[in-house]
Amino acid sequence: MANRIRFKKEVLEALPAPENGRSTYYDDQVQKLAVRVTSAGTKTFYVITRDGESVAWLKLGTFPDMTVEIARKESQKHLGDFARGASPVQARRVEKQRLTLGQSYERYRELYAKPRGLKTADDTFMIWQRCLGVMPDEPAKKHGRKRQKHPAGVDWSNRKLDEITPGEVRTLHAEIGTHTPVQANRVVEIIGTIYARAAEWGYTGINPAKDIRPFKEQKRDRFIQADELPAFFKALADDTSEDFKHFVLLCLLTGARRVNVLSAQWQEINLASAVWRIPDTKNGEPVVVALVPEALEILQSRDPQKSGFVFPTESKTGYLSPPAKRWQALLARAGMADFRIHDLRRSLGSWQAITGASLVVIGKSLGHKSADATMIYARLSMDPVRASVNTATAAMLEAAGVKKTAQVKRIADV
C-alpha cells in the first residue's frame, strides 16, 4: 500500500505538510493504523477499517500529544471491538447525540421560553446562570452589585441528561432551600421543564425533578397602608431625582410592573385618550393601562416625544435600571420595613378592593391573566376600569395628604 512507513517519533515529526488537502500514511506494524497530515501541519491518528458496508475512520488522537505506542495500543483495542461486531464509531455517534443539560436548556430557551415572552426567558436565564449553569464574570452594573454564583449553586451545563439523578436534584433543592426556599422551587421547576421539553424532542430517560416536593411559599400580601402614605409621600418629595419620583409614582398610579414602567416608550402612550398600551408583559399578552389624571400630569411634564423611552439613559438597554439604592434610602426616610417596588403594584389592586372594585375589574386593571375570567375581561370596557383606578388613586392621594376632595394638588410640587 502506498505511503506505508514504520511509525516512529522522529519519522512522524519529519513528515511534510502538503501544500493543500491532506496526506495519509499507514503504519507497517498495525495494518489499519494511519496518520493524516493536513496543510497546516496537524498530524492525527486514525483507525481505518470496514464497518458493515462502509469504511470507518475512527479518530484516536493528535500527534505528538498521543504517542506512537499509545496509538498502536488504542488501535488494536478498537480493531478488536470491530471484530466482535461492536462498532466504536456507532458508539461515538450515539454518545454525541446524547444531549447535555446545557444544550437542552439552550434549546428550551430558544424554542419555548423566548416565544412565550422575553421577560420569562430573561428571568429563567438569571436563575440558570446563578444556580445551574456557568456564571459569567461580568463587572457590576452602575448602582448595583456584582452578580455571583448562588452559595449552593452548581454547574451542570456539561452533564448528560441521563446522568443527573433524582437524588442529586433533591439534594440541590434542599441546599439552595436553606438560603432561598422560593428560588429552590424555581430551580426544580426549570429542571423539570427542561426535561419535559427534551422528552417532546426525543429524550426517553427519566425526569429527575419529578415528585420533588416544593418548599411551602407564603403568598406576599404587603401593600402600602393608609397610615404609611403621608410619610411615604414626604420621603419621596425629599428625593433629589425627578426620574426616581416619577418612576415611583407611575408604578403606584398605574399598577404596572417596574420593568414595564422603566422601559415604557412614548409611541405606546396616547395622552389624548389617557391610555398606555404595554405590548410585552409577563403573561405574554399586551395590556392596556388606564391613565389617571395624576399619571397624565407626570407624563406630560416629561416632555412627550413621538418615539423613544419615557425614562431614557445612556445604557445597554437605553432606559433606566431599577433604582435599588434610592429605593432603600426612600424606605429608610419613610420608616417603612419589608416593602418592595413590586408592592406598589399590589397597593393599587389592594386599594381598588378597599374602595369596592370587583375582582374582575382589578384583574383587568393590572393585566392579570386568568382562564376563568378571560371572557369577562374581553367584554369589559375601559370605563369601569378607569373609574376604579381613579377612585383608588384618589383615596391613596387623599390619605397621603397630597389631594383633597374635589381638589387636585400638583404632584410635581410635593
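The values are calculated or read from the model by the stated rules, or taken from the named source; none is laboratory data. Note that the structure is predicted; figures quoted are calculated from it, not measured. Counting neighbours? That spans all protein chains shown, and the Cβs are built from the backbone with ideal geometry, glycine included.
Brief remarks follow.
- Just one residue in the set Ala274, Ala264 is surrounded by 14 or more Cβ atoms within 10 Å (Cβ to Cβ) and at positive phi; that residue is Ala274.
- Leading residue by the ranking (farthest from Lys8 (Cα to Cα)) among those in region 37-76 that are within 44 Å of the chain's Cα centre (by Cα) and among the basic types (Lys, Arg): Lys59
- Residue ID - modelled with the highest pLDDT, chosen from residues in region 392-408 that are of a type in the set (Val, Ile, Thr) and surrounded by 17 or more Cβ atoms within 10 Å (Cβ to Cβ): Thr393
- Scanning region 197-218 for residues that are hydrophobic (A, V, I, L, M, F, W, C) and either under 25 Å from Thr180 (Cβ atoms) or free of Cβ contacts under 8 Å to residues at least 24 places away in the same chain (or both) turns up Ala199, Ala209, Ile212, Phe215.
- Count of residues meeting criterion [under 13 Å from Phe309 (Cβ atoms) and either assigned to a helix (DSSP H, G or I) or not assigned by TED's automatic domain parsing to the domain that holds Asp338 (or both)] in region 251-274: 7
- Residue count for region 211-232, restricted to those that are surrounded by fewer than 22 Cβ atoms within 10 Å (Cβ to Cβ), hydrophobic (A, V, I, L, M, F, W, C) and part of a helix (DSSP H, G or I): 1
- Any chance Arg107 is assigned to a helix (DSSP H, G or I) and either surrounded by fewer than 17 Cβ atoms within 10 Å (Cβ to Cβ) or at pLDDT 70 or above (or both): yes
- Residue that is surrounded by the fewest Cβ atoms within 10 Å (Cβ to Cβ), among those in region 173-185 that are part of a helix (DSSP H, G or I) and touching a residue at least 24 places away in the same chain (Cβ under 8 Å): Val182
- The residue that is nearest to Pro230 (Cα to Cα), among those in region 323-347 that are among the hydrophobic types (A, V, I, L, M, F, W, C) and assigned to a loop (DSSP other than H, G, I, E, B), is Met336.
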